[in-house]
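Structure first, then comments.
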Amino acid sequence: MLPARVLGGLLLWLAATCAAAHAHLQQSTPADGSVLSAAPAQLVLHFSEAARLTALWLENGKTRQAVGPLPQAAQPTIVVALPALTPGRYVVSFRVVGADGHVVPGEIRFTFNR
Amino acid sequence: MIDLGWLVLRAASLLLTFQAAGTALFVVGFVHMVGEGGRDLQRFGRRAALAATALLVAQVLIEPLHLAGDWSAVGVATLRVFATSSATFALCTCLVGITCTALALWGRGRPRQALAALGTLLTLGSFLLTGHTTVHRERGLLAPLLLVHLAIGAFWFGSLWPLRALAARAAPADAARVIAVFSRVAVWLVPLIALAGAAMALLLLPEPGALLRPYGLLLLTKAVLFAMLMGLAALNRQRLLPALARAEAGAASRLVRSIGLEYLLLCVVFAVTAVMSGALSPEDG
């Protein structure tokens, strides 16, 4: 049991550090943890360096949908149009690849209350 | 789970790639000294190269999934990133290099040496095409340091299993003669791994405090493992090898165990390196 917990802890630690490395997400609109009164029409991600978005999902409760089309160019600020949202809690998951070729996953959570 | 699987595959691929490239270097330098064992040595190198090829192909195939994080998200956009990514270019270069290495281990004479040199250069050079060093402002210094670090590391690692097999199967005097020559070469080359590694760490780490973050801690782990390896190498050179040369009872089995332990420790070093270079960043993590 203890080795499994140690391994689990190690994996969580690695996942957390992995998310913090390379092309950092410096800022986003909607911001992580924000509560909005109007549905956001687009997602804006500001990174520490030019990055290419390789995947983007929007999750609301049990539904999870891929968002696209994704911009192709590597850029520090990435803007993606979002589908029409209904009120609820959302999790945006993304993956970007930086100039060094490393893939960095990330997540933003926000709530939309009408 | 995808990232963990990708990392495990990367570690296994790194290990076998260095095994094959290093064994090819050992074959070029030492095959004339091992007599009949040369065929076994080449067969072992070929198998390592073929296994490395299979893992590199698997890495290429899984890369779009790694980029997207989910099969359902793999689309034209992902494939376009995959096709133009430095990681894909490096993997394909490594694949060409390891194929040349495999072919070199089938041949004989000068063509083999030329092909082995080309294969090793492409294989090890592929690691300069992607990763932390490629985007660093001191790339001009980091690239040759990394190449020295990788080339000597490959030669050392790739030689250990053949040397272990030699100690186990060949006549003690013959094995001792080959291992003594390897040891004389290694005693000059292997410290350069640590020197190049330390120089790269000085350039890559932004501050001494970075040694206490995950990347730095793994770097310190590698340094500790290297110190343990140096201790084992000294034991082999000072005690076990002279005992083998004198054909003392049990000397061969003690040396076989010691080289086996050295090999296992280097496998751990490769696993640590795969995590450091694949999932962490010297500047942040």
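Please treat every number below as a calculation from the coordinates, not as lab data. Since the structure is predicted, the reported quantities are computational estimates derived from the model, not experimental observations. No Cβ is skipped: glycine too gets one built from the backbone with ideal geometry, and neighbour counts run over all protein chains shown.
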Note on region B:157-174: residues touching a residue at least 24 places away in the same chain (Cβ under 8 Å) and of a type in the set (A, V, I, L, M) are B:LEU160, B:LEU163, B:ALA165, B:LEU166, B:ALA167, B:ALA168, B:ALA170, B:ALA173
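Could you grab me the full set of residues in region B:137-167 that are more than 19 Å from B:THR273 (Cβ to Cβ), among the small types (Gly, Ala, Ser) and touching a Leu at 6+ places or on another chain (Cβ under 9 Å)? If you could, list the steps in order and put the result at the bottom.
The first filter runs over region B:137-167 and keeps only residues more than 19 Å from B:THR273 (Cβ to Cβ), leaving B:137-141, B:162-167.
The next check asks that each one be among the small types (Gly, Ala, Ser); those that pass are B:140, B:165, B:167.
Once the filter is applied, which keeps residues that are more than 19 Å from B:THR273 (Cβ to Cβ), among the small types (Gly, Ala, Ser) and touching a Leu at 6+ places or on another chain (Cβ under 9 Å), region B:137-167 yields B:ALA165, B:ALA167.
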Being more than 10 Å from chain A (Cβ to nearest Cβ) and either in contact (Cβ under 8 Å) with a residue 60 or more places away in the chain or not β-branched (Val, Ile, Thr) (or both) is the requirement here; does B:ALA73 meet it? no
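Within region B:162-269, considering only helices (runs of 4 or more DSSP H) that don't extend past its boundaries, which have at least 3 residues that are touching a strand residue (DSSP E or B) at 6+ places or on another chain (Cβ under 7 Å)?
On the way: elements: B:172-204, B:214-235, B:241-245.
Ranges flagged: none.
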Report the residue count in region B:270-285 for those that are part of a loop (DSSP other than H, G, I, E, B) and small (Gly, Ala, Ser). 2
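Which ones in region A:67-85 are more than 12 Å from chain B (Cβ to nearest Cβ) and touching a strand residue (DSSP E or B) at 6+ places or on another chain (Cβ under 8 Å)?
Here is the first cut: in region A:67-85, the residues more than 12 Å from chain B (Cβ to nearest Cβ) are A:75-79, A:81-85.
Result: A:GLN75, A:PRO76, A:THR77, A:ILE78, A:VAL79, A:ALA81, A:LEU82, A:PRO83, A:LEU85.
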In region B:1-47, the residues that are hydrophobic (A, V, I, L, M, F, W, C), more than 14 Å from chain A (Cβ to nearest Cβ) and farther than 21 Å from B:THR130 by Cβ: B:ALA24, B:LEU25, B:PHE26, B:VAL27, B:VAL28, B:PHE30, B:VAL31, B:MET33, B:VAL34, B:LEU41, B:PHE44
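Tally the residues that are at the interface with chain B (Cβ under 9 Å from one of its Cβ atoms) and within 14 Å of A:ALA99 (Cα to Cα), restricting the search to region A:49-61. Talk me through it step by step, then tell me what you get.
Of region A:49-61, the ones at the interface with chain B (Cβ under 9 Å from one of its Cβ atoms) are A:49, A:52-57.
Imposing the further condition that a residue be within 14 Å of A:ALA99 (Cα to Cα) reduces the set to A:49, A:52-54.
Total meeting the criteria: 4.
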Among (1) in contact with a Leu (Cβ under 8 Å, 6 or more places away or on another chain); (2) more than 21 Å from B:LEU189 (Cβ to Cβ), B:LEU240 falls short only on (2)
Which number in (1) within 14 Å of chain A (Cβ to nearest Cβ); (2) surrounded by fewer than 20 Cβ atoms within 10 Å (Cβ to Cβ); (3) within 16 Å of the chain's Cα centre (by Cα) marks the one condition that B:LEU50 misses? (1)
Between A:ARG89, A:ARG64, A:ARG109, which is in contact with a strand residue (DSSP E or B) (Cβ under 6 Å, 6 or more places away or on another chain), within 14 Å of another protein chain (Cβ to nearest Cβ) and either surrounded by fewer than 16 Cβ atoms within 10 Å (Cβ to Cβ) or closer than 22 Å to B:LEU4 by Cα (or both)? A:ARG64
Here's a check for you: in region B:122-156, which residue that is free of Cβ contacts under 8 Å to residues at least 40 places away in the same chain, surrounded by fewer than 19 Cβ atoms within 10 Å (Cβ to Cβ) and within 14 Å of chain A (Cβ to nearest Cβ) is nearest to the chain's Cα centre (by Cα)? B:LEU128
Which of (1) crowded, with 16+ Cβ neighbours inside 10 Å; (2) in a loop (DSSP other than H, G, I, E, B); (3) of a type in the set (Gly, Ala, Ser) is the odd one out, the single condition B:ALA102 does not satisfy? (2)
